[in-house]
């Protein structure tokens, strides 16, 4: 139903290839997920499939996309042009009454479709549902979804999983939610940038995600075992060959000139030795390569960063949590001590980010701690016209510069990305930059709003491990089910009646 033939995409800015000579067929029953590190071209590839002209301004494109039917794409963000529309405006020209079953599967009633509520006032989950419903009104044959899980609360994530599993159309999607990928994907497309992003590779595996990771691990281990054995055998053979070569050479140099017959035999023997050496060289040229794979990011907090277990980081009380005069919650009480990681979850629109901002106001000027904030809107913390290197620079010393470049490289930034404007980075790369800033500043209290939402499924486990071993204090808002279960010591749900322990 959707076929890619020999697709190559190359960025004009740095002449970096994202995909090369890539072919793939998406067929009935496929729920294919695009994974890979940020900046590897996942969204660009999806955009190219949906509308080639959308990427031609910054990408050199070749290859063809064969569509057997209509293709509909759900973009990461709702376009600004839609924000002033009402829900009724969005569905005005559709025959939504012929899609009652679809609406029910999306958890939407018909009264909502004719409401005058502006799209800008909807929660993240509601925006995903209405846009997806609008796409389905046109009966598309293929669905492309670019990070539909961003900003979704846990109930909506679980709904999306059920929707994907029941969806009659083949789906190609991008997501950073490992649980959703594990529960829904049956085809894995892994976009990799190898050897400092000079070589691109796309692995296609028709298997669930966990099976793909296990199979991938076994393949790399086997390949490396074969490559190591070939080289070990070669080294032994080469050592033996050198011993024979040196002995024959010595015999040639010491043979008496009065023994022409013996000299002829040694020359013949040396020709045979040289021939054996050339054969070994030819065999070495065909050795199995050691496995190259795109490694996850490397990051960790300094082990010297810690807070005493008994230290009260914050003892916070709030009678009413309000936004725009509307009360969201009341009687909030939160006590956090050193060495504790707190997770706050709850439905979209419950006021979690607002609460985190209030906690930040309490902590940001404290002198006995070093607090750092990772907001959901990265623009609040990042100077988009600056470069990553300048953003991270404090003293300007040569030693600091070396450390910054090394740590950015460990986060898989290229030299061009390190020294280009932050606004040109992807959402995931901006998340890496904020994370690295907290590490370099040696912050001991972290306030994190959806910390893992933009990290790839391969790097998110590294981030979780770094946060799990962090010895300061963490207050976080998250809907990431793996993060909440693996990292957080205590999880609260923000409800109208306060924070309730889960």
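The values are calculated or read from the model by the stated rules, or taken from the named source; none is laboratory data. Because the structure is a prediction, the values reported are computed rather than measured. Methodologically, a virtual Cβ is constructed for each residue, glycine included, from the backbone with ideal geometry; neighbour enumeration extends over all protein chains shown.
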Can you work out which of the residues in the stretch 56-99 that are in a helix (DSSP H, G or I) and surrounded by 12 or more Cβ atoms within 10 Å (Cβ to Cβ) is nearest to the chain's Cα centre (by Cα)? 82
Just checking, how many residues over the stretch 455-464 are over 18 Å from residue 413 (Cβ atoms) and in a loop (DSSP other than H, G, I, E, B)? 1
Against the conditions (1) out of contact with any strand residue (DSSP E or B) (no Cβ under 9 Å at 6 or more places or on another chain); (2) under 30 Å from residue 127 (Cα atoms); (3) surrounded by 11 or more Cβ atoms within 10 Å (Cβ to Cβ), where does residue 393 fall short? Just the number, please. (2)
Of the conditions (1) in contact with a helix residue (DSSP H, G or I) (Cβ under 6 Å, 6 or more places away or on another chain); (2) modelled with pLDDT of 90 or more; (3) not in a helix (DSSP H, G or I), residue 38 satisfies every one except a single condition; which number is it? (2)
So residue 248 fits all but one of (1) surrounded by fewer than 15 Cβ atoms within 10 Å (Cβ to Cβ); (2) modelled with pLDDT of 80 or more; (3) within 19 Å of residue 279 (Cα to Cα); what number is the exception? (1)
Count of the stretch 84-108 residues which are in contact with a helix residue (DSSP H, G or I) (Cβ under 6 Å, 6 or more places away or on another chain) and farther than 26 Å from residue 158 by Cα: 1
Conditions first: (1) in contact (Cβ under 8 Å) with a residue 40 or more places away in the chain; (2) under 26 Å from the mean Cα position of the chain (by Cα); (3) closer than 23 Å to residue 150 by Cβ. Residue 328 passes all but one, so which condition is the exception? (2)
Those residues of the stretch 202-235 which are over 19 Å from residue 31 (Cα atoms) and at pLDDT 85 or above amount to 214
Restricting to the stretch 429-445, give me the number of residues that are assigned to a helix (DSSP H, G or I) and more than 25 Å from residue 396 (Cβ to Cβ). 1
Taking residue 386 as the residue in question, decide whether it is in contact with a helix residue (DSSP H, G or I) (Cβ under 7 Å, 6 or more places away or on another chain), over 27 Å from residue 307 (Cα atoms) and surrounded by fewer than 17 Cβ atoms within 10 Å (Cβ to Cβ). yes
Give me a count of the residues in the stretch 470-502 that are within 20 Å of residue 457 (Cβ to Cβ), in contact (Cβ under 8 Å) with a residue 40 or more places away in the chain and not in a strand (DSSP E or B). 9
Select, from 467, 448, the only residue that is assigned by TED's automatic domain parsing to the domain that holds residue 333, in contact (Cβ under 8 Å) with a residue 12 or more places away in the chain, crowded, with 20+ Cβ neighbours inside 10 Å and not in a helix (DSSP H, G or I). 448
Identify the single condition in (1) part of a strand (DSSP E or B); (2) without any contact (Cβ under 8 Å) to a residue 60 or more places away in the chain that residue 24 does not satisfy, given that it satisfies every other one. (2)
Among the residues of the stretch 187-200, the number that are surrounded by fewer than 17 Cβ atoms within 10 Å (Cβ to Cβ) and touching a strand residue (DSSP E or B) at 6+ places or on another chain (Cβ under 8 Å) is 2
Scanning the stretch 159-171 for residues that are over 14 Å from residue 133 (Cα atoms) and in contact with a helix residue (DSSP H, G or I) (Cβ under 7 Å, 6 or more places away or on another chain), which turns out surrounded by the most Cβ atoms within 10 Å (Cβ to Cβ)? 171
Among the residues of the stretch 95-107, is any modelled with pLDDT of 90 or more and within 15 Å of residue 128 (Cβ to Cβ)? no
State whether one or more residues within the stretch 331-342 are in contact (Cβ under 8 Å) with a residue 40 or more places away in the chain and farther than 27 Å from residue 464 by Cα. yes
